[in-house]
Amino acid sequence: MRSDEGDRLRDEGIDRSFSHADSIWKAHALRALHLVVVENDEFTTDAIWAYLDDWGVVPPREERAMGGVMTTGQSRKWCETTPRTQPSVRPVCHSREMRVWRSKVVGTRVPLTDPLDHKKMVAAIRTWPSDDQMWWRNLLEVAPSEAMIVGQLAMELDAKPL
């Protein structure tokens, strides 16, 4: 039997860890979720972590921030929970049970972001710490389309609290 108080405390912890996670990490995590939901009928967050690991994205101090990514995916109607779980394949998780999620957009071309507003994005990027700004400028030089996606996602996630 679940308690309302337990659910409330869980949700507060997820919200707190997500709000403190780095904007660039959140943008990459949401981009990874988008790739996973359009490619898979069902999945666990292991699939999202795999993309982040492949891309060399530094994880947040509190990995519960992934719960905020999943909440964002639910609110965008990209995915929904199932009652099932399966053991994690990530060694750091020690084979603990992970929730299985169901994609609601598999095989579609659901847009990743809202229409791009360059002025708002540049203004938001100017508020980032200098290291993040430098990282984004370097990405812009080598992969402009990815830099625009990351910048747009980071801006949207910072502007829209869960």
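The values are calculated or read from the model by the stated rules, or taken from the named source; none is laboratory data. Since we're looking at a predicted model, the values are computed, not measured. Every residue, glycine as well, gets a Cβ built from its backbone with ideal geometry; the counts of neighbours run over all protein chains shown.
Couple of notes before you dig in:
- Condition met for ARG16 (part of a helix (DSSP H, G or I) and either modelled with pLDDT under 85 or of a type in the set (Lys, Arg) (or both)): yes
- Look at the range 35-57: where a residue is assigned to a helix (DSSP H, G or I) and a partner is of a type in the set (Ser, Thr, Tyr) and buried (at least 18 other Cβ atoms within 10 Å of the Cβ), sitting 6+ places away or on another chain with Cβ atoms under 7 Å, you get VAL37/SER103.
- The range 58-73: number of residues that are surrounded by 18 or more Cβ atoms within 10 Å (Cβ to Cβ) and assigned to a helix (DSSP H, G or I): 8
- Residues located in the range 58-81, provided they are touching an Asp or Glu at 6+ places or on another chain (Cβ under 7 Å) and touching a residue at least 40 places away in the same chain (Cβ under 8 Å): PRO60, GLY68
- Residues in the range 74-98 that are part of a loop (DSSP other than H, G, I, E, B), surrounded by 15 or more Cβ atoms within 10 Å (Cβ to Cβ) and more than 13 Å from the chain's Cα centre (by Cα): SER88, ARG90.
- Selection within the range 79-92: residues that are out of contact with any strand residue (DSSP E or B) (no Cβ under 7 Å at 6 or more places or on another chain) and within 21 Å of HIS28 (Cα to Cα). The member of this set that is modelled with the lowest pLDDT is VAL92.
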